[in-house]
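Enquirer: My questions all concern the structure below.
Throughout, read-outs are computed from the coordinates displayed, never taken from laboratory work. Since we're looking at a predicted model, the values are computed, not measured. Note: ideal-geometry Cβ built from the backbone for every residue, glycine included; neighbour counts use all protein chains shown.
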Amino acid sequence: MVDNVGEVQIIDEVQQVSSEEGVSGSNKRKIELRSFVWKHFSKLPGGLRAKCHYCRRSYAAHSNSGTSGLSTHLDRCKVRKKMKAENDAKQQTLVFKKGKGKDDGTAKVTHIGFNREACRMALVKMIIKDELPFRFVEAEGFLEFMETCCPKFEVPSRRTITRDILELYQNEKGLLKSILSANKQRVCITTDTWTSIQMSNFMVVTAHFIDEEWVLHKRILTFTPISNHKGDGIGKLIENCLIDWGIEKLFTITVDNASANTLAIAYVKKKLANWSGNSMVLNGLYMHVRCSAHIINLIVQDGLSQVSHSIASIRNAVKYVRSSPARLQKFKTCVDREKISRGGLMVLDVPTRWNSTYLMLEKAVAFEKAFERLKEDDGHYTNWFDEDESEKRRVGPPIDKDWENAKRLVKCLSIFYHVTLKFSSSLTVTSNNFLNEMWKVYIHLKSLVDSNDFLLNQMGYKMEEKFVKYWGHFFEKVNMLLIVANVLDPRCKLDFVIWCFSSLYDIRKVDELRANIKELLLKLLENYGGESNRNRGERCRAVHDGASSSVESFDPFTQFKKMKESSNDDISGKNDVEKYLSETCESASNPQFDILTWWKLNGPRYPILSQIAKDVLAIPVSTVASESAFSTGGRILDPFRSSLTHKTVESLICTQNWLRSTLLGECTIQPSQEEAEFYELVETDPNIELENA
């Protein structure tokens, strides 16, 4: 056992005392003290007790008791542990420290010391980030690994880890809460409900906001049980969440299209009306934002119902191939013989997730010839479809008509898939792209309705009906803040909106739309602290009256500038909205354009409008940020961890989200698979390369 420097120093101090104590018994036979504990203890006169070199306490040490008691104290001695920690921290080691990014190959030489508390905290964070079970810290392999690589570190028990996780959750929550309170941050939230494998109902609330450095953030605020899915129950949990976090300003709530969510938002608006005057913007008139990804899902599902037979036959063919390793190997052989590039193996879809159906069909169409050869070479393939499944004969195998339908379907669904990916991002601004992406869908549906292809024509009619139900014939059901978000994109302003709607409306209607958008912007400007132009005369009179009381010190130009600053007008008499709209649009051809960077640099020119832009651009157009929390919840609450308390589950999910996000003002982490590919895509072969929009 290697002693620390501090321990050696103490031993040196007591050696003289020990030798002096031995003089009195010099005429007795000396007994050799061979146990390692005597490097840390000194026998007291009489030889029946020994004193610890660190805490100076004495313990029994006669020949009958042995040294086991002394050894036990040595392991528990707090003074010794403190000295060891201090000496370990002082003893530095040179190491190569790699960059934080996965693709960052840089490394620099630095020096570090051993810190028990830092090691313990790193272990807690590893458990949270990697979703490891608490019993991991007591696993034999992990203990052997730690004993080999870091014998100084005493691995805590799983109960200690549980307490540390709950403590870290409270600390991180307090930090984030203080930041939100200090900035008086107005937030947008998304919320959704989920049922776990244990049939427990949970509700998640996620906050979205742009900080003072114009960086977009998303933070899970709560992941809590909910007794039912009724509107008042959802509304009460949202209210409790806002109160718990001290959030006094709410901008929008993005939810799916369940009727209970409409009631929930009505409940929240009623309660917020009793709060401070700034708790809602324009009395919450535009608070309700419908999840665009959910609407796209409903639109596409109606279209898929027209070709359900073809989809089912191809799905069963894929299911056959993936049902056993032998069948999969036969299929690979067919692929090689047909000279088809593999590019990843087959994907089996989840029928309720149309985007996974699209990926399955896209991949299956490329292997059409391989499936035809499989029919010829594998006698079991055709026979498998004659068997019953759920007391019904399996649909398939796919015929030429099914493959033709699949090809048309892939082409038809491609635009919906890529639009959904853009709607589903939670780490980039989505509200400014809403109009552009929705317009793509609208034009695509019009082309399907006008198609001479009977199948596409019927699909187009069905999908257009659903589009009109949620967004209207002329987008009259769209939340106007999403149109304003496009106007606040300096590449578009009002020009793009007018260009789009000119193909739908006559000139009179287009002019009316332009006036309505400007009016809404001015209302927002006034709500955010700017004064309307109608009060300009009153301000001028107030300035004049103030100037009359002190004629000698009156400077007209100085008073004029003060009046302009207070009225949010520039020297030309224009307010922020007028000034912003009158200036030339930014180039739309710059692929590196970043809207948040633009507003960060140009915001000071529009002090009030920039505050509006900060909130409007933070609006999420989908609930995918909340949906992704359920993916984490599903992995944490698996059949082997069903005994976790609700508070522990919330601590794990929320803290993981906070740890994977950096401090405010810095860039956030890269999106997870769920966020990048929308909702919960199926478990696929690791070799499959999903298309990145």
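Enquirer: For Leu175 and Arg135, FRET efficiency with R0 = 25 Å and r from the beta-carbon atoms, rounded to 0.05?
Expert: Numbers: r = 29 Å, r/R0 = 1.16.
Step by step, r from the Cβ atoms, then E = 0.30.
Enquirer: Take region 263-368, compute every pairwise Cα distance, and split them into 10 Å bins from 0; I just need the percent in each bin.
Expert: Over region 263-368, the share of Cα pairs per 10 Å bin runs 12, 29, 18, 14, 12, 11, 5, 0 percent.
Enquirer: In nm, to one decimal, how far is the Leu659 label point from the Asn602 one, both placed 7 Å along Cα→Cβ?
Expert: Each label point is offset 7 Å from its Cα along the Cβ direction, giving 4.1 nm.
Enquirer: Next question. Across region 493-508, in residue order, what do the Karplus-derived ³J(HN,Hα) couplings come to in whole Hz, using 6.51 cos²θ - 1.76 cosθ + 1.60 with θ = phi - 60° and x for Gly and Pro?
Expert: The phi angles translate into 6, 7, 4, 5, 4, 5, 4, 5, 7, 5, 7, 9, 9, 7, 4, 4 Hz.
Enquirer: Sort all Cα-Cα distances of region 247-291 into consecutive 10 angstrom bins from zero, then give the percent of pairs in each bin up to the one containing the longest distance.
Expert: 30, 55, 15
Enquirer: Which length gain, in nm to one decimal place, applies between Asn201 and Asp511 when the Cα-Cα distance is subtracted from 0.36 nm times their residue separation? Could the numbers behind the result be given before it?
Expert: Numbers: separation 310, 0.36 × 310 = 111.60 nm, distance 4.85 nm.
Working it through step by step, the gained length comes to 106.8 nm.
Enquirer: Hey, what do the phi angles of region 519-524 turn into as Karplus ³J(HN,Hα) couplings, whole Hz, using 6.51/-1.76/1.60 and θ = phi - 60°, x for Gly and Pro?
Expert: Values, residue by residue: 4, 5, 4, 5, 5, 5 Hz.
Enquirer: State the three equivalent ellipsoid semi-axes of region 39-79, derived from the C-alpha gyration tensor as the square roots of 5 times its eigenvalues, in descending order and whole Å. The partial results should precede the final answer.
Expert: Details: eigenvalues 52, 28, 9 Å².
Largest first, region 39-79 gives 16, 12, 7 Å.
Enquirer: Among rounded, prolate and oblate, which fits region 159-288 when a ≥ b ≥ c are the square roots of the eigenvalues of its C-alpha gyration tensor, a/c under 1.5 means rounded, and a/b larger than b/c means prolate? Numbers along the way, then the final one.
Expert: Working: a/c = 1.96, a/b = 1.11, b/c = 1.77.
It comes out oblate by the Cα gyration axes.
Enquirer: Search the structure for amide H atoms under 5 Å from the amide H of Arg49, placed 1.01 Å from N in the peptide plane, and list their residues when 5 or more places away or on another chain.
Expert: Result for Arg49 returns Leu44, Ala61.
Enquirer: Another question about this same structure. With a 10 Å radius around each residue's Cβ, average the other Cβ atoms per peptide and rank 504-515, 366-377, 421-432, highest first.
Expert: By packing density, highest mean first, the sequence is 421-432, 366-377, 504-515.
Enquirer: Let me ask something additional. Assuming a ≥ b ≥ c are the square roots of the Cα gyration tensor eigenvalues, decide whether region 402-518 counts as rounded (a/c under 1.5), prolate (otherwise, with a/b larger than b/c) or oblate.
Expert: Values: a/c = 2.58, a/b = 1.56, b/c = 1.66.
Oblate is the answer for region 402-518, as a/c is 1.5 or above yet b/c matches or exceeds a/b.
Enquirer: Separate question: So, in nm, how far is label Gln592 from label Asn183 when the simple model puts each one 7 Å beyond its Cα toward the Cβ?
Expert: 2.6
Enquirer: Quick one: of Lys469/Lys493; Lys173/Lys270; Lys184/Lys230; Lys82/Lys173; Lys82/Lys152, which pairs are farther than 24 Å apart, Cα to Cα? It would help to have the intermediate numbers written out before the result.
Expert: On the way: Lys469/Lys493 28 Å; Lys173/Lys270 27 Å; Lys184/Lys230 31 Å; Lys82/Lys173 30 Å; Lys82/Lys152 13 Å.
As for pairs spanning more than 24 Å Cα to Cα, those are Lys469/Lys493; Lys173/Lys270; Lys184/Lys230; Lys82/Lys173.
Enquirer: Please list 3J(HN,Hα) in residue order for region 294-308, calculated via the Karplus relation 6.51 cos²θ - 1.76 cosθ + 1.60 where θ = phi - 60°; whole Hz, with x for glycine and proline.
Expert: 5, 5, 4, 4, 5, 4, 5, 4, 5, x, 5, 4, 6, 10, 4
Enquirer: How much length is gained on full extension from His380 to Thr333, taking 0.36 nm per residue of separation minus their Cα-Cα distance? Intermediate results must be reported in sequence, preceding the final value.
Expert: Numbers: separation 47, 0.36 × 47 = 16.92 nm, distance 1.57 nm.
Contour length minus Cα-Cα distance gives 15.4 nm.
Enquirer: Sort 469-480, 248-259, 601-612 for me by packing, meaning the mean count of neighbouring Cβ atoms within 10 Å per residue, highest on top.
Expert: Result, highest mean Cβ count within 10 Å first: 248-259, 601-612, 469-480.
Enquirer: If you don't mind, there's one more thing I want to ask. Between Asp232 and Asp453, what length in nm is gained on full extension when 0.36 nm per residue of separation is reduced by their alpha carbon distance? Before the final figure, lay out the partial values.
Expert: Values: separation 221, 0.36 × 221 = 79.56 nm, distance 4.72 nm.
So the chain would gain 74.8 nm between Asp232 and Asp453.
Enquirer: What ranking, highest mean first, results for peptides 129-138, 439-448 when packing means the other Cβ atoms within 10 Å averaged over each residue?
Expert: Working: 129-138: 14.8, 439-448: 17.1.
Going by the mean number of other Cβ atoms within 10 Å, highest first, we get 439-448, 129-138.
Enquirer: I need the shape label for region 307-416. Rule: rounded when a/c is under 1.5, else prolate if a/b > b/c, else oblate, with a, b, c from the alpha carbon gyration tensor. Each step should come with its number before you reach the end.
Expert: Numbers: a/c = 1.63, a/b = 1.13, b/c = 1.44.
Oblate.
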